[in-house]
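Shown next, in structure tokens, is the structure this report addresses.
The values are calculated or read from the model by the stated rules, or taken from the named source; none is laboratory data. Predicted model only: the values in this text are computed from it and were never measured. Every residue, glycine among them, receives a Cβ derived from its backbone with ideal geometry; neighbour counts consider all protein chains shown.
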Amino acid sequence: MAITDKIYVKNHRQLASQMETNFPKGAFSGATLDLLFQGENLAKLDDTTQDRILDFAQDFMDCDCEGAPHCGCPQRKFISYLLELREGGLGPQAIVDVMGDDYMVYAYPGDVRSFLDDSIRRLEAIETLADVDGQQAAREAAHQARKDLS
Ligand SMILES: [Zn+2]
């Protein structure tokens, strides 16, 4: 399962009841993205909550793909966001705290840790392959990215 399948909407039950609709707890579930994309019922939420949801929509769902929001862009953008937080020196718990403040979503720190470990392992594999292939620039890029995440 991708890390984006393990990102959940905070206060999910309360939000669903305020919006008088039901949607999955997963922030990147198709039905949740649809709900955010349509923007209906958002007016029933308090201002702070609305702001966070609009920020989420703006930051991760702003592509022009025909299949949006089911095009994979929201997930890709959120993963970049996680990696940027890591590059900024945050650990798994701090990353969870920040995503909560920014977008009212949460994850389990252990899942974030596994995701970061996987990312580092993937970069190591790219580094090794590029090295074998003699692709110096790709090797350097992967090496630098790995150092930034470690
Ligand atoms: Zn897209």
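Tell me, please, whether a residue that is within 16 Å of the ligand (Cβ to nearest atom), surrounded by fewer than 18 Cβ atoms within 10 Å (Cβ to Cβ) and under 18 Å from Ile7 (Cβ atoms) can be found in region 98-121.
no
What are the residues in region 53-62 that are surrounded by 13 or more Cβ atoms within 10 Å (Cβ to Cβ) and either within 14 Å of the ligand (Cβ to nearest atom) or more than 14 Å from the chain's Cα centre (by Cα) (or both), if any?
Leu54, Ala57, Asp59, Phe60, Met61
Would you mind finding the one in Leu82, Leu45, Leu36, Leu90 that is without any contact (Cβ under 8 Å) to a residue 12 or more places away in the chain, out of contact with any strand residue (DSSP E or B) (no Cβ under 6 Å at 6 or more places or on another chain) and crowded, with 16+ Cβ neighbours inside 10 Å?
Leu90
Each row is one residue, and each column tells you yes or no for (1) of a type outside the set (Phe, Trp, Tyr); (2) in contact with a Lys or Arg (Cβ under 9 Å, 6 or more places away or on another chain).
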| site | (1), (2) |
| --- | --- |
| Met1 | yes, no |
| His12 | yes, yes |
| Leu33 | yes, no |
| Cys65 | yes, no |
| Cys73 | yes, no |
| Tyr81 | no, no |
| Gly88 | yes, no |
| Pro92 | yes, yes |
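Could you please give the count of residues in region 68-84 that are within 8 Å of the chain's Cα centre (by Cα) and away from the ligand (no atom under 13 Å from the Cβ)?
Count: 4.
For the list (1) within 16 Å of the ligand (Cβ to nearest atom); (2) under 14 Å from the mean Cα position of the chain (by Cα), I need the number of the one condition that Cys65 fails.
With (1) within 16 Å of the ligand (Cβ to nearest atom); (2) under 14 Å from the mean Cα position of the chain (by Cα) applied to Cys65, the lone miss is (2).
Are there any pairs, at least 6 apart or on different chains, whose C-beta atoms fall under 7 Å, with the first in region 66-77 and touching a residue at least 60 places away in the same chain (Cβ under 8 Å) and within 15 Å of Asp34 (Cβ to Cβ) and the second more than 7 Å from the ligand (Cβ to nearest atom) and small (Gly, Ala, Ser), and if so, which?
Gln75/Ala2
Just to verify a result, which residue in region 1-33, among those that are surrounded by fewer than 14 Cβ atoms within 10 Å (Cβ to Cβ) and among the aliphatic types (A, V, I, L, M), is farthest from the chain's Cα centre (by Cα)?
This residue is Ala31.
When you scan region 140-150, do you find a residue that is at pLDDT below 95 and assigned to a loop (DSSP other than H, G, I, E, B), even just one?
Yes, region 140-150 contains a residue that is at pLDDT below 95 and assigned to a loop (DSSP other than H, G, I, E, B).
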